[in-house]
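Read-outs: derived from the displayed coordinates by stated rules, not from any lab. It should be emphasised that the depicted structure is a prediction, and the values quoted were computed from it without experimental measurement. When we count neighbours, we look across all protein chains shown, and the Cβ atoms used for this are built from the backbone with ideal geometry, even at glycine.
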Amino acid sequence: MEPTFFPCLDRGIDLFNKERFFEAHEAWEDAWRLEKGEPAHFLHGLIQVAAGFVKLQRGEPKGTVALLSKGAAKLERFLPGRYGVDLQDLLASAARWRRDAAEMLASGRTGFDSSALPRLARVRPSPDRHSGAPACGD
């Protein structure tokens with residue numbers, strides 16, 4: 001695992017929880033480009049979920065459904081949580097938003113209740129990183 005994995009994971013979680021989904025996607029993508037195997041697969045799932053919420057914010061429910069479906073499918077193998085991230089709540093919320101976005105698409109609506117947007121929770125803190133670990137994006 002690359003030394004930027006946890007700084008970028010943490011940065012993305014912070015941004016995601018502030019509903020800054022595009023920026024969260026970008027933070028996770030910084031680490032994803034360097035990773036291989038399981039860590040890359042995990043980050044790619046988070047990236048797709050964040051991108052699904054970007055589409056929702058932009059009024060594109062079709063893209064929301066597609067990206068939430070793809071991201072959730074990638075993350076399911078990491079249940080209940082991996083790398084200290086609670087995936088159960090995230091995946092349950094993604095399933096609800098996929099249904100809502102499909103209804104939005106069918107009815108031609110694009111508005112939604114932003115107070116119901118998901119948050120990412122930790123099941124445990126990220127492992128300690130040595131103080132010389134690069135920050136996300138460095």
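How high is the relative contact order of the stretch 5-106? Use alpha-carbon pairs under 8 Å, at least six apart in sequence, and give a whole percent.
Values: 133 pairs, mean separation 21.1, N = 102.
RCO, the stretch 5-106: 21 percent.
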* To do: For a quick protection proxy, order the peptides 94-104, 44-54, 19-29 by their average other-Cβ count within 10 Å, most packed first.
  => 44-54, 19-29, 94-104
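Relative to the Cα centre, what is the charge dipole magnitude of the chain, using +1 at the beta carbon of each Lys and Arg, -1 at the beta carbon of each Asp and Glu, and rounding to the nearest 20 debye?
Details: 20 positive and 19 negative charges, 84 e Å.
The dipole of the chain has a size of about 400 debye.
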* Dimensionless Rg ratio for the chain, taking C-alpha atoms and the 2.2 N^0.38 Å reference -> 1.03
* When the helices in the chain are scored as -39500 (n - 2.57) per DSSP H run of 4 or longer and the sum is shared across all residues, what 222 nm value do you end up with, to the nearest 500 deg cm²/dmol? -> -20000 deg cm²/dmol
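At a Förster distance of 30 Å, what's the computed FRET efficiency of Ser115 paired with Leu79, Cβ-Cβ distance as r, to 0.05?
Numbers: r = 26 Å, r/R0 = 0.87.
Working from the Cβ atoms, E equals 0.70.
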* To do: Would you be so kind as to identify which of Ala102, Pro39, Ala27 lies farthest towards the positive end of the dipole of the stretch 5-106, taking Lys and Arg as +1 and Asp and Glu as -1 on Cβ and the Cα centre as origin?
  => Ala102
* Asked: Around Gly81, which amide H atoms from residues at least 5 apart in sequence, or from another chain, sit under 5 Å from its own amide H, with H modelled in the peptide plane?
  -> Leu87
* Figure the gain on full extension for Leu34 and Val123 (residue separation times 0.36 nm, minus the Cα-Cα span) and round it to one decimal in nm. => 29.6 nm
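Can you quote the Å³ per residue value for the convex hull of the Cα atoms in the stretch 5-69, rounded to an integer?
Values: hull volume 4.2 nm³, N = 65.
Roughly 65 Å³ of hull volume per residue.
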